[in-house]
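In what follows, a structure is listed as structure tokens, so that the remarks can point back to it.
The values are calculated or read from the model by the stated rules, or taken from the named source; none is laboratory data. Computed from a predicted structure; not experimentally measured. All Cβ positions, even for glycine, are placed from backbone atoms using ideal geometry, and neighbour counts span all protein chains on display.
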Amino acid sequence: MNDSSRPALSPDADDLLILLAVSRTGRFLTAAESLGINHTTVSRRITSLEQALGGRVLARSAGGWELTALGEKAVGAAEAVEAAVSELTAPPDEPRQLSGVVRLSATDGFSAYIAAPAVAALRREHPNLSVEIVTATRRALQHRSGLDIEVVVGEPQVHRTEAFELGHYALGMYASRTYLREHATPTTLPELMMHPLVYFIDSILQVDDLDAPRRLVPTMVDGVSSTNVFVHVEATRAGAGMGFLPCFMADQHADLVRVLPELVGERLAYWMVLRTEALRQPAIAAVASALRSRMIEFSDALEGRPGSRMIGSPYS
């Protein structure tokens, strides 16, 4: 009896590896470029794989191509093929070298102070590893085509993913020493709220956990607003007002002073989000581990504890 629900052909190993490349980039063209083939060849080989498996392995989403349940199963097999080939081609008696491209999305501050130094250290051991860092301050994506690791502020509400709390960081109100000499240091919340605020643009801020100033100092008038936290830091240093800044960034600058720390502050969490199958990939697992390690190593600086400082930051 012919069972049409079962694949009629055995999947080709090369087709599986092409699917693996698409799953990591979310796009046929990018996968084709990484493999050195034409994107029409990628499309044709994916179709061939779907015919062999008897179902769809990819579904189009807003951000590119997402794996179906069958596609996730096929990618697991593709990763086994990739690992086997890597073992065969690795030089004997040498530590296994990580290679390939890992794409990470994170906030500006995390990218500069945590991700970049962690990746730099990892690449000294694995020079064939490439990491792409996309900076964004947003909620975790429901469809993360082309992203291997996503770091967000606050616990994510996502499905078909793994989410891990990486650690906490503190935010506080800061002003430049020059600004305080010109305007006097506030000693109460009502005095603080008379100053302009340097922070995110409220109307387009996507992360609820970052809305602390609207709750703690609700009558502060926006002075300079930006989607980029480095702009917050530099505008505060330039005297644009009181900046609500990550302590691990502000404390790098001797010209910034924390104001009313006992009254105004927030403690937030970084969370790491990955596809369920991602940690089976050695390169992604290694990058994730490096991020965790740096968070632990510099937890004091991240929490804004006196005397602590980030090493390997842009200003160290």
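At a glance:
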quantity: Search result, residues across segment 88-110 that are at pLDDT 65 or above and part of a loop (DSSP other than H, G, I, E, B); calculated: R96, Q97, L98, S99, T107
quantity: Pairs where the first residue, in segment 132-153, is under 21 Å from V101 (Cα atoms) and among the hydrophobic types (A, V, I, L, M, F, W, C) and the second is at pLDDT below 75 and surrounded by fewer than 17 Cβ atoms within 10 Å (Cβ to Cβ), C-beta under 8 Å, 6+ apart; calculated: L141/G63
quantity: Candidate set from segment 148-173 (those that are in a loop (DSSP other than H, G, I, E, B) and modelled with pLDDT of 80 or more); member that is surrounded by the most Cβ atoms within 10 Å (Cβ to Cβ); calculated: D148
quantity: Positions within segment 248-276 being more than 18 Å from I114 (Cβ to Cβ), buried (at least 18 other Cβ atoms within 10 Å of the Cβ) and touching a Ser or Thr at 6+ places or on another chain (Cβ under 8 Å), in sequence order; calculated: L256, V259, L260, R275
quantity: Lone unmet requirement of (1) of a type outside the set (S, T, Y); (2) at pLDDT 85 or above; (3) within 30 Å of T227 (Cα to Cα) for E50; calculated: (3)
quantity: Enumerated strands (runs of 3 or more DSSP E) restricted to segment 233-316, each holding at least 2 residues that are under 30 Å from E66 (Cα atoms) and touching a His at 6+ places or on another chain (Cβ under 8 Å); calculated: 265-275
quantity: Condition check for A74: in contact with a Phe, Trp or Tyr (Cβ under 9 Å, 6 or more places away or on another chain), at pLDDT 85 or above and not acidic (D, E); calculated: no
quantity: Check on T187, in a helix (DSSP H, G or I), farther than 29 Å from A288 by Cβ and either in contact with a His (Cβ under 7 Å, 6 or more places away or on another chain) or modelled with pLDDT of 95 or more (or both); calculated: no
quantity: In segment 195-230, residue modelled with the highest pLDDT [restricted to those that are acidic (D, E) and either touching a Ser or Thr at 6+ places or on another chain (Cβ under 8 Å) or not in a loop (DSSP other than H, G, I, E, B) (or both)]; calculated: D222
quantity: When residues of segment 50-68 are limited to those that are aliphatic (A, V, I, L, M) and closer than 16 Å to L20 by Cβ, the one surrounded by the fewest Cβ atoms within 10 Å (Cβ to Cβ); calculated: A52
quantity: Residue list for segment 202-219, filter: surrounded by 12 or more Cβ atoms within 10 Å (Cβ to Cβ), aliphatic (A, V, I, L, M) and within 19 Å of V152 (Cα to Cα); calculated: L205, V207, L210, A212
quantity: First in segment 26-38 and modelled with pLDDT of 85 or more, second anywhere and not in a helix (DSSP H, G or I), Cβ under 8 Å, 6 or more apart; calculated: F28/W65; A32/N38
quantity: Failed item, numbered, when A120 is tested on (1) in a helix (DSSP H, G or I); (2) over 29 Å from A254 (Cβ atoms); (3) at pLDDT 90 or above; calculated: (2)
